[in-house]
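The values are calculated or read from the model by the stated rules, or taken from the named source; none is laboratory data. Since the model is a prediction, treat every value here as computed from it, not as a measurement. Because the Cβ atoms are built from the backbone with ideal geometry, glycine has one as well, and the counts that use them run over all protein chains shown.
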Ligand code: NAP
């Protein structure tokens, strides 16, 4: 595997595959996959070079990690040839968590540690390659949360720590209390969601030299299903670039558009379809030139740049 297919999130930190497999929708299909089917999907992803798997405690109503863990137990590969990422702090209101009277966040030390322990048990592993705080918590006590994260890192249960959906200022606050760098901020971005270009998120990532992970890189599928004018315009621009570059597929160009950014974006792919995963790996070989990149931005924003 060439280096272009891997990425070190920040100097000296964990390395991930440049395209990450997102596990959020694992149980969303019409048929719940059994352990064999999950093991096959893991094998397909790894064969395509997607060795990093993005989880959260809450995915599938708190059930995805255990379903994935059952598949992992049957998969024939080695634990240290893949990277497992999980998240904590969102508290869903669901029958699976009867104590949660409403949706909220919890970055207390007790919750963070307990959530990681549950993720490890569900996934059937003794360490996470990367733990992310899932959402900024207005009640986060940075000293307490950082101490819990540092303790998890020291124990070896978590090899690296990052955040998700944090503003640069929230990132800096937590980072200021940790004895090691935060290695990523996982944020939403796509050809339909471009605010990270201008809200300071990507500037912050370049300044501190960490690679941001990108969720819903195809707009959660709305790129294909959306029937607004904007989606139609963006699809037309992607199709033109697909024809020019030989990418052959709108999704490939949409991912290549993210990969073109110098902040070293790491798209987390959400499809559960092996053929779509295989198609999107081609994005690693498509280099958009500046004018192709700007043509897609112009279509997304509905006007030329100033
Ligand atoms: P996405 O890749 O933008 O969307 C995936 C959806 O698009 C799937 O439902 C897929 O359906 C659909 N799709 C339709 N046509 C497609 C095509 N031609 N190629 C590929 N997909 C197509 O990503 P996402 O699922 O919204 O999010 C990706 C990952 O990000 C999640 O799995 C999760 O790990 C992470 N995430 C993180 C946060 C956070 O707050 N940190 C929030 C949301 C998600 P099929 O399965 O039928 O292909």
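Tabulated results
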| item | result |
| --- | --- |
| Matching residues, segment 277-292, being surrounded by 16 or more Cβ atoms within 10 Å (Cβ to Cβ) and in a helix (DSSP H, G or I) | 277, 279, 280, 281, 282, 283, 284, 292 |
| Verdict on residue 9 being in contact with a helix residue (DSSP H, G or I) (Cβ under 8 Å, 6 or more places away or on another chain), modelled with pLDDT of 95 or more and crowded, with 21+ Cβ neighbours inside 10 Å | no |
| Residues of segment 186-201 satisfying the condition of being within 16 Å of the ligand (Cβ to nearest atom) and either out of contact with any helix residue (DSSP H, G or I) (no Cβ under 6 Å at 6 or more places or on another chain) or touching a residue at least 60 places away in the same chain (Cβ under 8 Å) (or both) | 186, 188, 189, 190, 191, 192, 193, 194, 195, 199, 201 |
| So residue 53, is it on the phi < 0 side of the Ramachandran plot, within 13 Å of the ligand (Cβ to nearest atom), in contact with a helix residue (DSSP H, G or I) (Cβ under 8 Å, 6 or more places away or on another chain) and outside any strand (DSSP E or B) | no |
| Test result for residue 181, part of a loop (DSSP other than H, G, I, E, B), within 15 Å of the ligand (Cβ to nearest atom) and either over 17 Å from residue 260 (Cα atoms) or modelled with pLDDT of 95 or more (or both) | no |
| Segment 224-250 - residue that is under 19 Å from residue 277 (Cα atoms) and part of a loop (DSSP other than H, G, I, E, B) and, of those, nearest to the ligand (Cβ to nearest atom) | 249 |
| Residues of segment 39-71 classified as crowded, with 21+ Cβ neighbours inside 10 Å and more than 23 Å from residue 266 (Cα to Cα), total | 2 |
| Selection count, segment 73-107, where residues are free of Cβ contacts under 8 Å to residues at least 40 places away in the same chain, surrounded by fewer than 17 Cβ atoms within 10 Å (Cβ to Cβ) and not in a strand (DSSP E or B) | 16 |
| Long-range neighbours under 9 Å by Cβ, at least six apart or interchain, first residue closer than 21 Å to residue 192 by Cα and away from the ligand (no atom under 15 Å from the Cβ) within segment 204-223, second part of a loop (DSSP other than H, G, I, E, B) and at pLDDT below 95 | none |
| Where a residue in segment 58-72 is outside any helix (DSSP H, G or I) and its partner, wherever it lies, is modelled with pLDDT of 95 or more, with Cβ under 7 Å and at least six apart | 58/90; 58/92; 63/27 |
| Filter pass, residue 119 being within 16 Å of the ligand (Cβ to nearest atom), in contact (Cβ under 8 Å) with a residue 60 or more places away in the chain and in contact with a helix residue (DSSP H, G or I) (Cβ under 7 Å, 6 or more places away or on another chain) | yes |
| Residue within segment 99-107 that is closer than 19 Å to residue 13 by Cβ and more than 14 Å from the ligand (Cβ to nearest atom) present | no |
